[in-house]
Number of protein chains: 2
Amino acid sequence: MSYPPALEELIEVFRLFPGIGAKTAQRLSFFLLSQSSEEVEQMARTMVYAKRRISYCSECASFTEKDPCNICTDPKREQEVICVVQFPRDVLVLEKTGQYRGLYHVLHGALSPIDGIGPEELKIPQLKKKVEEKGIKEVVIATNPNVEGDATASYLSRLIKPLGVRVTRIGFGLPVGGDLEYADELTLGRALDGRMDL
Amino acid sequence: MSYPPALEELIEVFRLFPGIGAKTAQRLSFFLLSQSSEEVEQMARTMVYAKRRISYCSECASFTEKDPCNICTDPKREQEVICVVQFPRDVLVLEKTGQYRGLYHVLHGALSPIDGIGPEELKIPQLKKKVEEKGIKEVVIATNPNVEGDATASYLSRLIKPLGVRVTRIGFGLPVGGDLEYADELTLGRALDGRMDL
């Protein structure tokens, strides 16, 4: 005894997604079946449409519906600064600050030798080429503040500085609204390193 | 600045699912876009196909691809015993024990006056009709052991016993492999109530 085959297949589809286990896949499947046929068809169409419309920008490797993307083709952006991030979603987060006016480059991950992820698995060769060919003056590294992100930042620094380009990394320290009492030692240490004159 | 419209729409689709928040919906969307067009189209087809194929059995209200379902039409099942469960998935769990040979009836929920769920919102009228018309001898209640499940069980008992039908509820007690030391008082109390002669 098991579920009807079509339901088992549906559950298998949801299990393909990262972080979705057997129980959640069942729950999502039951929800889907509780929707009307029209709603399910609309969901399916949206999925296929999104996949058809959205690609990675050939310049910065972020998500876009047109290639190159709106940021890469915006003449008002600073053309000599590139901010390097791990994932397309990071571009959105930085844009929301409204403080960055340069270009982006999405690596699609971070260096992780244990997982077999070296420079060639990321968009690092493309970054080097762009820096060399486009007269880039500064590369702002905004990889995540963890082991892989740190390793990637120091690798990129060693790769790009010899080209005579300034390499910076976004600051570490206390989050705004945070409390010194609750900061961990590593963050506090980095906040001290990153102290600025007042 | 936001994601491309087609991606925003995709994220909205995932947010429709219960228990899926903004971050998870993003993660699922990014995963979907990382799949090939063929894979996405296959997923979409599986969803639409499952919705088209699967309906609720007109007899027991469980999931089925043919109506009535395999259990309701199986002449080898005991025709005079009905087990009442809250959800279609519960049928599968009980079938896996291999110990129940009767029919099922899925309520699609439990009584919950706070949420406005009364007998008419569940498949309770259909259950009463079936019990009256099909010569049912016993109704085994297997609703969940919580407030709503208990309320539903006692409501069904008051509804069905007057028809001269035996009403039972599956036993409560220690889970097999469990340890007395870690049992909560409520479970232990119910285990004492449910003690049997050896």
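Values quoted throughout were computed directly from the atomic coordinates according to the rules given, and no laboratory measurement underlies them. Bear in mind the structure is a predicted one, so any value in this text is a computation, not a measurement. So basically every Cβ, Gly included, is an ideal-geometry build from the backbone, and we count neighbours across all protein chains shown.
Spacing of the modelled spin labels on A:Lys161 and A:Glu121, each 7 Å from Cα toward Cβ, amounts to 2.6 nm.
With a cut-off of 18 Å, note down the residues of segment A:105-125 whose backbone N falls inside the zone around a label point 7 Å from the Cα of A:Leu186 toward its beta carbon. The answer is A:110-115. Helix A:5-15 versus the longest principal axis of chain A: what is the Cα-based angle in degrees, 0 to 90, to the nearest 10? Roughly 10 degrees between the two axes. Cα centroids of segment B:84-103 and segment A:9-26: 22 Å apart. When DSSP assigns beta bridges and you keep just the ones with both residues in segment B:71-197, what percent turn out antiparallel, to the nearest 5? About 10 percent, rounded to the nearest 5.
Here segment A:85-119 is scanned for amide nitrogen atoms under 16 Å from the site 7 Å beyond the Cα of A:Lys76 along Cα-to-Cβ, giving A:95-103. Sorted shortest first, the distances from the B:Val93 label point to those of the same residue in the other copies are 3.8 nm; each point sits 7 Å from Cα along Cα-to-Cβ. Around the amide H of A:Cys83, modelled in the peptide plane, lie the amide H atoms of A:Leu103, A:Tyr104, A:His105, A:Val140, all under 5 Å away and 5 or more residues distant in sequence or on another chain. Classify segment B:5-53 as rounded, prolate or oblate from the Cα gyration tensor: take a ≥ b ≥ c as the square roots of its eigenvalues, call it rounded if a/c is under 1.5, otherwise prolate when a/b beats b/c and oblate if not. Here segment B:5-53 falls in the oblate category.
Phi angles of segment B:95-111 translate, via the Karplus equation with coefficients 6.51, -1.76, 1.60 and θ = phi - 60°, into HN-Hα couplings of 4, 5, 5, x, 9, 10, 10, x, 9, 10, 8, 9, 7, 6, x, 9, 4 Hz per residue; Gly and Pro are given as x. Across segment A:171-187, rounded Karplus estimates of 3J(HN,Hα) from the backbone phi angles (6.51 cos²θ - 1.76 cosθ + 1.60, θ = phi - 60°) give x, 10, x, 6, x, 4, x, x, 10, 3, 4, 9, 6, 7, 5, 5, 5 Hz, Gly and Pro being marked x. Neighbours of A:Ile117, meaning other residues whose beta-carbon lies under 14 angstrom from its beta-carbon, give a summed charge of -3 when Lys and Arg score +1 and Asp and Glu score -1. Think of the axis that spins chain A onto B; the A residue whose C-beta lies nearest it, and the distance in whole Å, is A:Ala44, 2. Here the gap between A:Arg101 and A:Arg52, fully extended at 0.36 nm per residue and compared with their Cα-Cα distance, gives a gain of 14.7 nm.
Across the identical copies, the 7 Å label point of A:Pro5, projected outward along Cα→Cβ, sits 4.1 nm from its counterparts, in ascending order. If you count Lys pairs in segment B:71-197 whose Cα atoms are under 25 Å apart, skipping same-chain pairs closer than 8 places in sequence, the total is 20. Working note: 222 nm ellipticity from helices only, DSSP H runs with n ≥ 4, each -39,500 (n - 2.57), summed and divided by the residues of the protein assembly as shown, gives -13000 deg cm²/dmol to the nearest 500.
Net length available on complete extension from A:Lys128 to A:Ser34 is 28.8 nm, with 0.36 nm assigned per residue and the Cα-Cα distance removed.
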